[in-house]
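What follows draws every value from the coordinates through simple rules; no lab data is involved. Model, not experiment: these values are computed from the prediction. All Cβ positions, glycine included, derive from the backbone under ideal geometry; neighbour counts span all protein chains shown.
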Amino acid sequence: MKIAILGGSFDPVHLGHLQMAHQAKKLLGVAQVWFLPTKKTPLKDRQLTNDQDRLAMLETALAPYPEYIVCTLELEREGTSYTVDTLRELHARYADHEFFWLIGNDQLEQFDRWKDPETLVQLAHFVCFDRDGKSKKTAYPIRQIHMSPIPVSSSEIRKGKKLNYLAPQVLDYIYQHRLYLSGFLEERLKPKRVAHSLSVANLCEKFARAHNLDLNRAFLIGCFHDIAKNMTESEMKPWMEIVCPENMRYPCPVWHGFVASEIVDRIFGIHDLQIRQAIYHHVLGTSTDPYAMIVFCADKLDPLRGYPVQEQIALVEQDLSQGFWMVKEENQKYLEGKE
Ligand SMILES: Nc1ncnc2c1ncn2[C@@H]1O[C@H](COP(=O)(O)OP(=O)(O)O)[C@@H](O)[C@H]1O
């Protein structure tokens with residue numbers, strides 16, 4: 001049987017990877033495409049997301065395609081994953097198969113850094129797909145196939161960019177398992193604000209636990225509540241014009257909550273009305289929805305602010321409504337003092 005193999009970190013798997021598989025099926029006449037997640041890649045020094053999560057994301061992305069199969073051979077082997085070892089093992093296990101090894105053209109450029117490239121090209125037909133629409137020169141017998149480039153990389157996804165290039169089930173998994181969230185925040189916020197957001201997320205979760213609410217929803221609200229905080233007035237203006245032009249009468253420092261509520265939906269693909277609403281109201285405390293009260297309190301009572309907050313935190317855990325009104329009153333006094 002003809003088998004195409006796509007090896008990679010899949011951290012996470014995205015539509016670029018799927019497109020390579022679709023093209024391989026169509027153009028190479030292979031019966032199956034095996035996706036082979038690597039344990040430890042010799043050419044990247046970054047610590048990969050744990051095997052279990054990368055595998056679960058692959059399985060969910062491939063579920064609609066019965067002829068796409070996850071091959072865990074490299075995950076089962078300890079140490080650095082060298083393709084030459086993998087191909088030898090594949091030949092030993094499946095003597096009758098003919099293998100096509102798929103790579104993107106970024107890999108073609110560094111093919112002589114792979115271990116034993118001469119042996120590799122004898123063990124499989126190497127096939128290279130465009131990532132950027134450009135042909136690359138190579139000394140190796142590697143077939144190059146042009147496809148309309150799918151302009152995305154896993155590293156962009158890990159920064160919270162181009163999330164629309166993920167299968168929706170994979171994006172769901174990312175939020176359910178809280179993967180890459182610090183990367184999403186670090187790309188848009190200063191380190192102190194990232195620390196505050198994660199600390200608020202933890203406190204939101206603590207409050208949610210005390211009141212039998214959805215822990216992950218509360219965590220995500222905390223995580224993203226300040227995602228627009230670094231935006232300038234002119235950057236926020238077009239968002240405000242779409243979302244809530246009537247709120248432009250508020251001073252600009254208040255806008256980031258309104259803008260963030262739209263950004264979580266449109267940029268981060270979080271289509272959850274309660275999350276959006278809680279973030280929308282978090283600056284002024286204008287909603288008594290439980291999630292909105294939670295994030296309002298958690299934001300003001302973040303231990304990283306350095307005030308003694310333990311008693312107030314305990315009150316919010318005990319009685320959300322009473323805690324909320326207490327925090328709101330304290331905040332009002334603070335704001336009046338500032339005027
Ligand atoms: N958008 C894309 N278009 C074409 N090939 C791609 C694309 N993204 C990844 N690849 C190829 O898929 C293989 C696995 O890549 P991987 O290490 O998982 O992801 P990434 O390069 O996105 O971080 C590599 O050979 C890579 O060149």
How far is helix 320-338 tilted, in degrees, relative to the longest principal axis of the Cα atoms in the chain, given as a value from 0 to 90 rounded to the nearest 10? 70
Rank the residues Asp106, Asp96, Asp53 as a footprinting-exposure proxy: fewest other Cβ atoms within 10 Å of their Cβ go first. Asp96, Asp106, Asp53
Considering only C-alpha atoms, what is the centroid distance from segment 85-164 to segment 4-72, in Å? 12
Counting other beta carbons within 10 Å of each Cβ, put Thr49, Thr38 in order, fewest first. Thr49, Thr38
As computed over segment 188-338, the Cα convex hull volume per residue (Å³): 109
Global form of segment 1-106, assessed from the alpha-carbon gyration tensor, a/c cut-off 1.5: oblate
Would you mind checking which residues have amide H under 5 Å from Phe35's amide H? H placed 1.01 Å from N; only 5 or more apart, or other chain. Leu6, Ile69, Val70, Cys71
Counting Lys and Arg as +1 and Asp and Glu as -1 over every other residue whose Cβ sits under 14 Å from the Cβ of Asn105, the net charge comes to +1
Would you compute, for the Cα atoms of the chain, the largest minus smallest coordinate along each principal axis and list the three values in descending order, in whole Å? 76, 39, 33
Under-5 Å amide H pairs with Ala167, H placed in peptide plane, nonlocal only: Leu15
Take the residue pairs Lys162/Lys190; Lys192/Lys300; Lys190/Lys229 and return only those whose Cα atoms are more than 19 Å apart. Lys162/Lys190
Please compute the net charge surrounding Gln318, taking Lys and Arg as +1 and Asp and Glu as -1 over other residues with Cβ under 14 Å from its Cβ. -1
Expressed as a rounded percentage, what relative contact order does segment 188-338 have, with Cα pairs under 8 Å and six or more residues apart? 23
Tilt of helix 51-62 relative to the longest C-alpha principal axis of the chain, in degrees (0 to 90, nearest 10)? 80
Computed FRET efficiency, Cβ-Cβ of Gln110 and Lys192, R0 45 Å: what is it to the nearest 0.05? 0.75
Yeah, segment 88-220 with a ≥ b ≥ c from its alpha-carbon gyration tensor (a/c under 1.5 is rounded, else prolate when a/b outruns b/c, oblate otherwise) is prolate
At R0 = 41 Å, FRET efficiency that the Cβ-Cβ distance of Asn212 and Lys26 yields, to 0.05: 0.20
With the dipole of the chain worked out from charges on the C-beta (+1 for Lys and Arg, -1 for Asp and Glu) around the Cα centre, which of Ala228, Ile3, Val309 lies farthest toward the positive end? Ile3
How far, in degrees from 0 to 90, does helix 255-266 lean away from the longest principal axis of the Cα atoms of the chain, to the nearest 10? 30
Got a sec? How would Leu36, Leu304 order by Cβ neighbour count within 10 Å, fewest to most? Leu304, Leu36
Relative contact order, percent, of the chain when contacts are C-alpha pairs under 8 Å separated by at least 6 residues? 12
